[in-house]
Amino acid sequence: NIRLEMPIEEAFHDVKKTISFERIIACSECKGIGGNNPQVCFTCMGSGQNKQTIQQAGFFFEQIFGPCQNCQGRGWKFEHNCGGCHGVGLVQEEMHLDLELEKGSVFNTIMKPDMGNYENPNNPPGKLIIEFGLNQHPEFDFDNQGNIFKKIPVNPVEAICGVVKKIKFPNGQEKDIQIPKLSGNDLLLSYPGEGIPKPDNTSGSFLVSLMYKFPTELNEEQENILKSYIKTLKN
């Protein structure tokens, strides 16, 4: 099983990728055996267990403390371990796979036969299972339903008066959005079908929320305008 994390921009079109991974296969030098001339382990006398005899109140008890460390619990050892796998019988093999991913592959899983682990030469290899996810993005958040979330900073006065903002949508396009007059910072603008494409040929929504960004300084003209507004409230 491997997991492939994709940039969110790649979720909106078909992409080609080459992935590399390691699988476990039988050692070719010893055919997965691990060595030659197996002999009984004299440390555990073939039991494969780390046994110790304990005396307590005049009685003797045999207690097991896990597998034998000398033979790794097998009960026997090779006279000569294989140099390729050091007696394990298994090695790691690096694999490369070219993938053509259609739009909508995110949050999906695909299986490739005969590309998984190949531990027993007498049996066919297992399957390679690839899960697809998304990398974290500096501008967007997302959920596993294909919805994408974005917070945009807005001056509170702009939110009060209403304003048109140009923002970048997840698919890379820049579009104008209308922030209605008297919008609070709890406003949520929804754009259905602009979220992440899904395997069933539908897409999630793009959800935009406001984040009030208060100015850190005012020039004289701006301050006078705001003061005149405050005077209207007093009247």
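Going by amide H atoms built from the backbone, whose H comes under 5 Å of the H on residue 128, apart from near neighbours?
112, 114, 115, 116
Kindly point out, ordered by number, any Cys in the chain whose beta-carbon has no other cysteine beta-carbon under 4.7 Å away.
161
Counting only protein heavy atoms and using a 1.4 Å probe, what share of the accessible area of the chain belongs to carbon plus sulfur, as a whole percent? Walk me through the numbers before you get to the answer.
Details: 7740 of 15670 Å².
So the carbon and sulfur contribution to the accessible surface is 49 percent.
Based on the alpha-carbon gyration tensor of the stretch 151-235 and its eigenvalue square roots a ≥ b ≥ c, which shape applies: rounded if a/c is under 1.5, prolate if not and a/b is larger than b/c, or oblate?
prolate
For the chain, what does the accessible surface come to per residue with a 1.4 Å probe? Please give it in Å².
Roughly 67 Å² per residue, with all protein chains present.
At a Cα cut-off below 20 Å, give the lysines reachable from residue 77, other chains included and same-chain residues fewer than 8 away excluded.
Cα-Cα hits under 20 Å: 31, 51.
Of the beta bridges DSSP finds with both residues in the chain, what % are antiparallel, to the nearest 5?
If we restrict to bridges inside the chain, about 75 percent are antiparallel.
Can you spot the lysines whose alpha carbon is less than 17 Å from residue 150's alpha carbon? Ignore those fewer than 8 places along the same chain.
Partners found: 165, 166, 168, 175, 213.
Helix 220-234 against the longest principal axis of the chain: what's the angle in degrees, Cα atoms only, rounded to the nearest 10?
80 degrees
How high is the FRET efficiency from residue 114 to residue 201, r the C-beta distance, R0 22 Å, rounded to 0.05?
0.15
Among (1) 12.8; (2) 12.1; (3) 27.0, which is the computed mean projected area of the Cα convex hull in nm²?
(3)
The values are calculated or read from the model by the stated rules, or taken from the named source; none is laboratory data. Keep in mind that what you see is a predicted model, and the values were worked out from it rather than measured. Using ideal geometry, Cβ is built from the backbone for each residue, glycine included, and neighbour counts are taken over all protein chains shown. These area figures cover heavy atoms from the full protein model, side chains too; ligands, DNA and RNA do not enter into them. Shrake-Rupley method; radii C 1.70, N 1.55, O 1.52, S 1.80 Å.
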